[in-house]
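Data first, discussion second: the structure below is written as C-alpha cells.
Read-outs: derived from the displayed coordinates by stated rules, not from any lab. These figures come from a predicted structure and were not determined experimentally. Note: ideal-geometry Cβ built from the backbone for every residue, glycine included; neighbour counts use all protein chains shown.
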Amino acid sequence: MKYLGNLIEGLDYWTAIGIRLAEHMDYSQGTKVLDVGTGWGACIIPAAKKIGPQGYAIGIDLWKNSIKEIMNNAKKHGLTNISAEIMNARTISFDDNFFDYVISGFIGFCGEFDFKNNTYITDNSIMENFYRVLKPQGKMGLSTWLKQGELDCLRELIKNYLEKYTSASAQEIEAVPISYSQEAIEGIERIMQDAGFQKIKIITEDFILKYHSIDDWFNMMRNVGWILDKVFDKDEKIIGKFKEKMLPEGLEPYWKEDGYYFTKTVIFAFGYK
C-alpha cells in the first residue's frame, strides 16, 4: 500500500485511515489506550507506537481470529505494549475511569441508532461504555463511514443490471442494500452528547483510492462488496454476466488517465470526558 497524503494506491485503506486517526488523537507517551473493535490492528498499532514502551494499548473484539491476528501483527511491528481480549463493546468489563484514550475504527453504530431518522433503535450502551472507562479529561476518538464511492458505484451498477437484464420489480431494485455502515454527523454527535462527552469535534476527510484496472476494482468488490453474493445468490455464472454487461462502461466516469479513482469519506469524531 502507498499512502500519499490522502491518496491510497492499493487495497489496504484501513491502515491509512488508522494512521490518520492516530494523528488526530495526539497521544501522550506512557498512557493507556483502549481500542474497541480492534480487528487486525489498523488503529491500535499506530496508537501503540505513539504511546511508547511505557504506555499500554488493549484491543477488544468479538472474534477470536481478530485477537490472534492483532497479536501476530504486534509481533511483526516489534511492539510489546499491546494485548487483546475477546469482549463485547456493549459490556466492556474494565473499571471506570481506567483509560486515557478510547478509540474505535468503523465499529458501526447502525444496530443502535437509525441515522436516517436520527433516533435510537435500542440503547446507547456502546458509547456509554466508552465514556465510563475513560479517565476524567480522557479523550475518545472514532472513525466511521459517511460514504464509500466504489461501493456506492457497485450498488448503482447492480440496480441498473437488474433493471435492464432481469424481471426484478422496482421495489426489489430499490431494496438492494447499501453494503456498509453508512452513518451521519448529526447522529454521531447526538449519541456522543447523550453519553456525556464534551468539547465534541467532528470532521470529515476524503480518502482517494486508485485502482489500476477493472480487475483490481472487481476483485476488491468480490472481497468487500458482499451485495454481489447476496443479490445474485452466489451464482458465479450470473456474477460473471454482470461483469460482462456492466464493465468497463460503468466505471468510465471514474477513469482519470492512469487509473480508476473513488472517494471514501470518513467521519472522525472526538470528545472529552
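Quick notes on this structure:
- Cα centroid separation, region 88-104 to region 230-245: 43 Å.
- In this structure, THR166 and SER93 have a Cβ-Cβ separation that, at R0 = 45 Å, corresponds to a calculated FRET efficiency of about 0.35.
- Cross-link pairs beyond the 29 Å C-alpha cut-off, checked among LYS164/LYS256; LYS147/LYS230; LYS75/LYS139; LYS49/LYS201: none
- Cα-based shape type of the chain, given that a ≥ b ≥ c are square roots of the gyration tensor eigenvalues and the cut on a/c is 1.5: prolate
- Relative protection proxy for 96-103, 225-232, from highest mean packing down: 96-103, 225-232 (other beta-carbon atoms within 10 angstrom).
- Taking packing as the residue-averaged number of other Cβ atoms within 10 angstrom, the listed peptides 189-197, 215-223 run from highest to lowest as 189-197, 215-223.
- Neighbour-count ranking [beta-carbon atoms within 10 angstrom, fewest first] of SER167, SER143, SER93, SER28: SER167, SER93, SER28, SER143
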